[in-house]
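So the structure is just underneath, and the comments pick up after that.
The values are calculated or read from the model by the stated rules, or taken from the named source; none is laboratory data. This one's a predicted model, so the numbers in the text were calculated from it and none came from an experiment. Quick reminder, even Gly has a Cβ in these numbers, built from the backbone with ideal geometry, and neighbours come from all protein chains shown. All accessible areas refer to the heavy atoms of the entire protein, side chains included, with ligands and DNA or RNA removed. Shrake-Rupley method; radii C 1.70, N 1.55, O 1.52, S 1.80 Å.
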Amino acid sequence: MVKLTKLIDDSTLVAPGAKSELRKRVTVADDILPEREAAEEATKENAKAIDALQDALWAERHRSLLVILQGIDTSGKDGTVRAVFNRCGPLGVSVTPFGRPSDEELAHDFLWRIHMAAPKKGVIGVFNRSQYEDVLVVKVRGLAPADVIEQRYDQINAFEKHLHDNGTRVLKFMLNISKDEQRERLQARLDDPQKNWKFNASDLEDRKLWDDYAKAYETVLDRCSTEHAPWRVVPADRKWQRNAIVSAVVRKALEDMAPVYPKPDWKASDFQIT
Ligand code: ADP
């Protein structure tokens with residue numbers, strides 16, 4: 001398991017300061033996770049371990065974990081949340097999706113709504129989209145002036161360092177799917193009545209901007225993978241590989257944090273329950 005986790009880290013990590021070379025990165029992980037059954041088993045075990053570690057994190061109430069999920073439409077952000085955190089007690093995990101900002105949110109700086117949703121001590125926070133939308137969709141669709149967007153990379157790095165220095169471990173995953181895989185997933189949303197609700201015609205507009213998004217993602221990975229909050233690019237064409245990879249990294253991060261149950265300052269024999 002330790003060896004596999006190291007393999008996963010080596011192949012998915014964007015080394016801080018290095019070029020991410022997103023276009024050269026794979027969208028399938030058959031070399032490290034060839035067997036579906038074994039990968040699904042690993043995901044289940046990781047989810048169980050994450051639950052146990054989360055319990056101790058909550059009891060300890062000193063630190064928190066923030067898991068950021070980014071990826072183009074249909075990349076599987078929702079499915080990842082379900083697979084990785086389905087064993088956790090709902091009290092200890094807070095999932096926040098970030099859609100188009102409201103008027104109130106737009107009236108503040110772009111990190112305001114993000115900071116408000118950052119996990120409190122003892123909690124695992126999961127962001128489905130994040131502050132990175134403000135240098136992705138906002139850049140690709142020209143929703144803010146270029147010089148304003150340009151400043152945001154450093155501002156995001158400083159913000160994440162602030163979280164890190166205040167006890168929040170930050171993990172960032174870019175779910176990397178191929179354009180062909182996206183076509184299939186969009187088609188399934190049109191064809192499968194149970195998936196129709198997920199179809200959004202604007203996703204087709206974003207698909208036309210595939211190359212622009214890829215470029216914007218590459219800039220994010222090049223400029224915002226830091227020692228305190230590194231990016232990982234997850235091959236995500238196969239959902240079972242994606243789930244195994246993300247769950248392994250989350251589990252390892254929690255194991256490294258090693259939360260401990262607080263020791264009581266009393267003895268059981270001090271009390272008598274009548
Ligand atoms: P999802 O596609 O994540 O399942 P939605 O259908 O609600 O959820 O889409 C959210 C939309 O909000 C996406 O198109 C995303 O690009 C957009 N969005 C998120 N953050 C911002 C932002 N800061 N500015 C503009 N649009 C944003």
>> Quick check for you: with a 1.4 Å probe and neighbouring chains kept, what is the accessible area per residue of the chain, in Å²?
In response: 54
>> Greater than 26 Å separation of Cα atoms is the criterion. Which listed pairs, 77/161; 48/267; 44/77; 6/198; 24/239, meet it?
In response: 48/267; 6/198
> What's log10 of I(q)/I(0) for the chain at q = 0.08 Å⁻¹, Debye sum over Cα points only, no solvent?
Replying inline: -0.34
> Carbon-plus-sulfur fraction of the accessible area of the chain, 1.4 Å probe, in percent?
Replying inline: 52
>> Taking amide H atoms as placed 1.01 Å from N in the peptide plane, list the residues 5 or more away in sequence, or in a different chain, whose amide H sits under 5 Å from that of residue 66.
In response: 125, 169, 170, 171
>> Give me a comma-separated list of calculated 3J(HN,Hα) values for the stretch 121-130, in order, Karplus coefficients 6.51, -1.76, 1.60 applied at θ = phi - 60°, integers in Hz, x for any Gly or Pro.
In response: 4, x, 10, 9, x, 10, 9, 9, 6, 6
> How many percent of all Cα-Cα pairs in the stretch 115-211 sit more than 23 Å apart?
Replying inline: 45
> If you look at just the Cα atoms of the stretch 186-274, how large are its Rg and its Dmax in Å?
Replying inline: 23.2, 70
> If you place +1 on the Cβ of every Lys and Arg and -1 on the Cβ of every Asp and Glu, how big does the dipole about the Cα centre of the stretch 160-211 come out, in debye to the nearest 20?
Replying inline: 120
>> I need the P(r) histogram for the stretch 14-123: all alpha carbon pairs, bin width 5 Å from 0 out to the longest distance, whole percents.
In response: 2, 9, 13, 16, 18, 18, 15, 7, 2, 1
> About its Cα centre, how strong a charge dipole does the chain have in debye, to the nearest 20, once Lys and Arg get +1 and Asp and Glu get -1 at the Cβ?
Replying inline: 320
>> Keeping all protein chains in place and using 1.4 angstrom, which order do 127, 199 fall into by accessible surface area, from largest down?
In response: 199, 127
> Which residue, chosen from 110, 245, 177, occupies the Cα position most advanced towards the positive end of the dipole of the chain, where the dipole is computed from +1 (Lys, Arg) and -1 (Asp, Glu) charges on Cβ about the Cα centre?
Replying inline: 245
